[in-house]
Amino acid sequence: MILIKSAFWLFSSLVLMQVNAQKVLYGVTEAEVGFISEAPLETIRASTKALQGLLDLRSGTFAFKLGIQSFDGFNSPLQKEHFYENYMETHLFPDAKFTGKMIDPVVGLTSKYQKFRAKGKFEIHGRTKELLVDVSLSQLGNDILFLSSFNLELKDFGISIPRIVKQKISEVILVSVEGRLSAQ
């Protein structure tokens, strides 16, 4: 009887250790999101480190959120003000969100970046569009590093560019994301 109890205790301990060693929920601990608008007369760059989000490795689901007014950079304070008020209308639509699921299972991460596909709903300026993006992941200790870049068309999100500034603002914006996820 003692032998059975000892074997059960040992088996239970091993299973519990295995479950605890397999962290599945990861949260953003540091990140930088940037965008570039390259138009014939002007290049606009801005970035932020205010990305929030979670990735559940077991289900492959993710959710990310970013306050639009956290972006900084731009070519002038007036350009930044116009971005917030006239184009992004942050008083009405303060956040950008990307929620969805990893298409490829996130397994076998190493210190070398590996490409995975993620599909989800990207919401900005009160509009939602389904996106398929490539994301590169690698493992650094217990953390997951991530990189991605993708294009967004302003018209898909109801953002129009006045004719007077069409040569200064691109209709397609390149977004780049880089960061670290840590087990929660």
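Answer with yes or no whether Phe93 is touching a residue at least 12 places away in the same chain (Cβ under 8 Å) and open to solvent by 40 Å² or more (accessible area, probe 1.4 Å).
Details: touching a residue at least 12 places away in the same chain (Cβ under 8 Å): yes; open to solvent by 40 Å² or more (accessible area, probe 1.4 Å): yes.
So Phe93 fits the description; yes.
Please go through the range 75-88 and give me each residue that is assigned to a loop (DSSP other than H, G, I, E, B) and either open to solvent by 50 Å² or more (accessible area, probe 1.4 Å) or at pLDDT 95 or above (or both), ordered by number.
From the range 75-88, those assigned to a loop (DSSP other than H, G, I, E, B) are 75-76, 88; that's our starting set.
If the condition is that a residue be assigned to a loop (DSSP other than H, G, I, E, B) and either open to solvent by 50 Å² or more (accessible area, probe 1.4 Å) or at pLDDT 95 or above (or both), then Asn75 is the only one that fits.
Limited to the range 100-111, what total is found for residues that are crowded, with 16+ Cβ neighbours inside 10 Å and in a strand (DSSP E or B)? Talk me through it step by step, then tell me what you get.
Applying the first criterion (crowded, with 16+ Cβ neighbours inside 10 Å) to the range 100-111 yields 100, 102, 106, 109.
With in a strand (DSSP E or B) added as a condition, the list becomes 100, 102.
Going through the range 100-111 one residue at a time, the tally reaches 2.
Considering the range 49-61 alone, what residues qualify as being touching a residue at least 40 places away in the same chain (Cβ under 8 Å), open to solvent by 40 Å² or more (accessible area, probe 1.4 Å), in contact with a Leu (Cβ under 8 Å, 6 or more places away or on another chain) and in a loop (DSSP other than H, G, I, E, B)?
Within the range 49-61, Leu57 is the sole residue that qualifies.
Let's see how each residue does on (1) open to solvent by less than 20 Å² (accessible area, probe 1.4 Å); (2) of a type outside the set (A, V, I, L, M, F, W, C); (3) outside any strand (DSSP E or B):
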| position | (1), (2), (3) |
| --- | --- |
| Ala31 | yes, no, no |
| Leu41 | no, no, yes |
| Ile44 | yes, no, no |
| Ser47 | no, yes, no |
| Phe64 | no, no, no |
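Which residues, counting only those in the range 112-123, are touching a Leu at 6+ places or on another chain (Cβ under 7 Å) and either at pLDDT below 95 or open to solvent by 90 Å² or more (accessible area, probe 1.4 Å) (or both)?
Pass one, the range 112-123, residues touching a Leu at 6+ places or on another chain (Cβ under 7 Å): 113-114, 116-117, 119-120, 122.
Across the range 112-123, the qualifying residues are Tyr113, Arg117, Lys119.
The values are calculated or read from the model by the stated rules, or taken from the named source; none is laboratory data. Not measured: the values here are computed from a predicted model. Methodologically, a virtual Cβ is constructed for each residue, glycine included, from the backbone with ideal geometry; neighbour enumeration extends over all protein chains shown. Quick note on the areas: whole protein, heavy atoms, side chains included, nothing else; ligands and nucleic acids left out. Shrake-Rupley method; radii C 1.70, N 1.55, O 1.52, S 1.80 Å.
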